[in-house]
1. Would you tally the residues in the range 95-136 being basic (Lys, Arg), at pLDDT 80 or above and over 20 Å from GLY18 (Cα atoms)?
2. Return yes when SER134 is of a type in the set (Ser, Thr, Tyr) and under 11 Å from the mean Cα position of the chain (by Cα) and no when it is not.
3. Considering the range 137-147 alone, what residues qualify as being surrounded by fewer than 20 Cβ atoms within 10 Å (Cβ to Cβ) and either part of a loop (DSSP other than H, G, I, E, B) or at pLDDT 85 or above (or both)?
4. Name the pairs whose Cβ atoms lie under 6 Å apart, with the first residue in the range 117-129 and on the phi < 0 side of the Ramachandran plot, the second in a helix (DSSP H, G or I), and 6 or more positions between them or separate chains?
5. Would you check which residues across the range 69-114 are among the charged types (D, E, K, R), within 15 Å of the chain's Cα centre (by Cα) and surrounded by fewer than 19 Cβ atoms within 10 Å (Cβ to Cβ) and list them?
6. Quick check on the range 46-62. Is at least one of its residues surrounded by 24 or more Cβ atoms within 10 Å (Cβ to Cβ), in contact with a helix residue (DSSP H, G or I) (Cβ under 7 Å, 6 or more places away or on another chain), aliphatic (A, V, I, L, M) and closer than 17 Å to MET128 by Cβ?
7. In the range 1-106, which strands (runs of 3 or more DSSP E) lie fully inside it and hold 1 or more residues that are more than 20 Å from ILE125 (Cβ to Cβ)?
Amino acid sequence: MRLANKVAIVTGAGSGIGRASAIAPAREGAQVAVVEIQDAAGQETAECVRAKGGKAMYIRADVSQPEDVKAMATRVVERLHSIDNLHNNAGIALRRPVAEQDEEGWNRCLEVNLKSVFLCCRFAIPFMQTKGGSIINTSSVAGIVRARNRAATAPRRAALSSSRRIWPWITPLQNSRQLRLPGLCANSLDGQPGARS
């Protein structure tokens with residue numbers, strides 16, 4: 001198994017792409033930390049992983065909050081003794097034209113969709129840089145092509161779609177030879193229009 005003895009964190013793992021992304025590394029032997037703000041969905045994903053023969057733990061966290069993210073990373077290392085892979089998948093979608101988008105929703109969307117990526121990298125990288133690892137940021141075609149009513153959602157997608165190009169500037173002190181940011185641009189899962197991306 002390619003990921004035997006590895007530890008993977010997947011945020012926003014309660015459904016859709018997040019759930020599939022939690023199951024996939026477990027099939028390859030990784031222990032998976034299922035991170036989700038919705039308890040029922042997160043626990044269901046963890047059970048799905050275990051039902052398929054994998055190992056998983058569920059951690060409730062609001063990945064837009066630094067205290068939650070720091071506690072999440074610390075708990076993963078305390079329980080599973082490592083962080084080898086980080087998949088920043090958490091995200092919310094608001095579908096409104098600019099003129100109808102309120103500031104509260106705009107701010108919340110950027111906090112969950114973009115700030116969370118920074119926070120998870122900030123607190124996971126110190127545990128990864130000694131032996132290396134991979135970071136995957138799930139993006140979407142909404143950051144590349146025009147999409148209607150995505151005023152609050154598209155900026156995150158565009159920023160993450162560019163993350164591979166800016167990675168060498170982010171990681172000179174983090175040993176960029178050992179930390180990889182392969183990137184992932186995904187749309188819906190299995191043809192489900194509402195799946196997280």
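The values are calculated or read from the model by the stated rules, or taken from the named source; none is laboratory data. All values derive from a computational prediction rather than experimental measurement. Here the Cβ positions follow ideal geometry from the backbone for every residue, glycine too, while neighbour counts run over all protein chains shown.
1. From the range 95-136, those basic (Lys, Arg) are 95-96, 108, 115, 122, 131; that's our starting set.
Now restrict to residues that are at pLDDT 80 or above: 108, 115, 122, 131.
Subset that is over 20 Å from GLY18 (Cα atoms): 122, 131.
Of the residues in the range 95-136, 2 are basic (Lys, Arg), at pLDDT 80 or above and over 20 Å from GLY18 (Cα atoms).
2. Numbers: of a type in the set (Ser, Thr, Tyr): yes; under 11 Å from the mean Cα position of the chain (by Cα): no.
No: the conditions fail for SER134.
3. Initially, the range 137-147 is screened for residues surrounded by fewer than 20 Cβ atoms within 10 Å (Cβ to Cβ), giving 141, 144-147.
Result: ILE144, VAL145, ARG146, ALA147.
4. Matching pairs, first to second residue: LEU119/PRO66; LEU119/VAL69; CYS120/VAL69; PHE123/VAL69; PHE123/LYS70; PHE123/ALA73; ALA124/ALA73; PHE127/VAL77.
5. LYS70, GLU111
6. Looking for residues that are surrounded by 24 or more Cβ atoms within 10 Å (Cβ to Cβ), in contact with a helix residue (DSSP H, G or I) (Cβ under 7 Å, 6 or more places away or on another chain), aliphatic (A, V, I, L, M) and closer than 17 Å to MET128 by Cβ, one finds none in the range 46-62, hence no.
7. Details: elements: 7-11, 31-36, 55-60, 85-88.
Counting at least 1 such residues, we get 31-36, 55-60.
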